[in-house]
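Here the structure is laid out as structure tokens; the discussion comes afterwards.
A short reminder: the numbers here are calculations on the coordinates, not readings from a lab. None of the values given here were measured: they were computed from a predicted structure. In this analysis, Cβ positions are derived from the backbone assuming ideal geometry, glycine residues included, and neighbour counts consider all displayed protein chains.
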Amino acid sequence: MKKITNGKIFALCLGDFARGLINGIITTYLLTFFIPTNSNTTLPQFFAKAALTMAIIRGIGTVIDAVTDPWVASLSDNSKAKSGRRISFMRWSAIPYGLFCLLIFFPPVSGSSIINAIWVGVMLALYYLFSTLYNIPYSALQAEVVAEPRKRVFLYSIVSLLYVVSSAMVFCTSMIKSLLMGNGVPEIWALRIPFIVFCVLGGISALIPSFVIKEKDYVEPKEYHQSIWGALKATVSYPNFAIITVGYLIMWIAFTFFNTAEVYYITNLLSLGDEWVTYVSVISIGVGIMTYPLVNILARKVGKKPLLLGACITYVLLYCAIFNYKLVIGAIGAKPFAILIGLVIAMPIAITNIIPASIFADLAQYDSIKTGQNRAGMFFAARNFANKMCQSIVVIACSLLLGMGADGTGAATSKGVRNTALVAMIFVAVSVIVYVFYNDKEISAAIKAHNEAQEKESKKA
């Protein structure tokens, strides 16, 4: 089989550039579009009891994900398509993935209506479906085409870089909105216009890897016949995988709180303008990117597990500071606190964007070594389900917490926003405890021994 070049790795990673754009819109702006951050907004109220309605809608989406993730993984793992087990799914799902994300923000009725709630629920469900149809095979393909652990860390560094850059572009929506509104564009269209641009760009970026990468050049075809429940049971019953998945779910619940509630932290708790959301994002992303080489070095020197633990502990401290924001503002001021938030989360963002994906790829390869079967799709189905589950849990929790503190206008207040930081702090602290039980050394040693044995065999041949 061919070894993938760095140029092809970059093309492959464009799918994550698309993911950062499309998923970033949902993670960052779904709540603020339908639940205003303050009472001065001109955004219409699309349905009654917005916080509760959004919680119900996201809960339904979680149920859909619970079914589609293992289903798509099983279809992909068992596929016999000529273009490969993964590529065919990616080609047909890329455009609908971006389209249904965009349609969520175009409810048909201008005022409050149950029709709008149904529309958002259906569009969100279709977004979840096509997100799964694209990202499960895509994630499995990444793990399969790059088999060397060191190059895999490089792969996920590029993945993280493109994902972070595209996420930063989404965070610029607040600044774009201010500029457009300053030129007379209504607030609702000042949000929709960047959403349109990002979804179109995301759909195109998602298509590129499916045509540039020739799957069968890099992945040895293996016969695989296992039922969806048999594969799922075998996957989740593996102890190290169960530990990392539970820890990943809990960790990303906490981390997604920051993405979901960042606008509220900056504009509500710190009483700063929308442009400061962009400033904080630029600081965290810029500094985070500069730490990528350090993350790669530390992963080789000390292993992946200590880096994850350090990132989680840092988030505990950050959420503690946000929860006690009045004390911090009193000590250093609101603007320095915002800058400090951007600086503190920079390296944890780099770590949690690179290391977990690399660990899941290691686990998929380890399983293939031990069992002789390649069910990478099911491994990434479990990971993606955990990721989407945490997003749903966060949005539901944020909706309810913000609703508890909401004033008569439906806008969030500091009480509800502050509560999100407390809950996130508890979750990330629990993830530290879970990760302690993950056996990183066993996985790394097995993969190293396998790759060395393959190299010896290839030299003999």
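Data for the structure
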quantity	calculated
Those residues of region 335-363 whose amide nitrogen sits under 15 Å from the label point placed on Ser271, 7 Å along Cα→Cβ	335-338
Label point 7 Å beyond Cα of Arg150 along Cβ direction - residues of region 1-26 with amide nitrogen under 17 Å	3-6
Greater than 28 Å apart at Cα, pairs in Lys216/Lys441; Lys216/Lys301; Lys305/Lys335; Lys3/Lys80; Lys304/Lys415	Lys216/Lys441; Lys216/Lys301; Lys305/Lys335; Lys304/Lys415
Radius, Kirkwood style, for the chain when every pair of distinct Cα atoms is counted (Å)	22.5 Å
Neighbour count of at most 15 Cβ within 10 Å plus DSSP loop: longest trypsin sites (Lys or Arg not before Pro)-free window in the chain	223-461
Segment Ile426-Ala242, length gained on full extension (0.36 nm per residue, minus Cα span)	64.2 nm
Separation of the Trp92 and Ile118 label points, Cα + 7 Å toward Cβ, nm	2.9 nm
Contour minus Cα-Cα distance for Ile332 and Glu457 (0.36 nm per residue)	38.8 nm
Long-range tail of P(r) for region 1-136 (Cα pairs > 21 Å, %)	50 percent
Label point distance in nm, Lys415-Cys320, each placed 7 Å from Cα along Cα→Cβ	2.7 nm
Crossing angle, helix 149-171 versus the chain [Cα axis fit, 0-90 degrees, rounded to tens]	20 degrees
Packing-based exposure ordering (other Cβ within 10 Å, fewest first) of Tyr248, Tyr238, Tyr315	Tyr238, Tyr248, Tyr315
Relative contact order [Cα under 8 Å, 6+ residues apart], the chain, whole percent	28 percent
Separation in nanometres of the label points that stand 7 Å from Cα toward Cβ, at Phe106 and Lys214	3.9 nm
Gain in span if fully extended, Leu179 to Lys82, counting 0.36 nm per residue against the direct Cα distance	30.1 nm
Value at 222 nm in deg cm²/dmol, rounded to 500, when DSSP H runs of n ≥ 4 in the chain each add -39,500 (n - 2.57)	-27000 deg cm²/dmol
Stokes-Einstein diffusion coefficient of region 160-201, Kirkwood radius over Cα pairs, 20 °C, 1.002 mPa s, in µm²/s	201 µm²/s
Rounded FRET efficiency, nearest 0.05, which uses the C-beta distance separating Phe10 from Ile297 and R0 of 22 Å	0.55
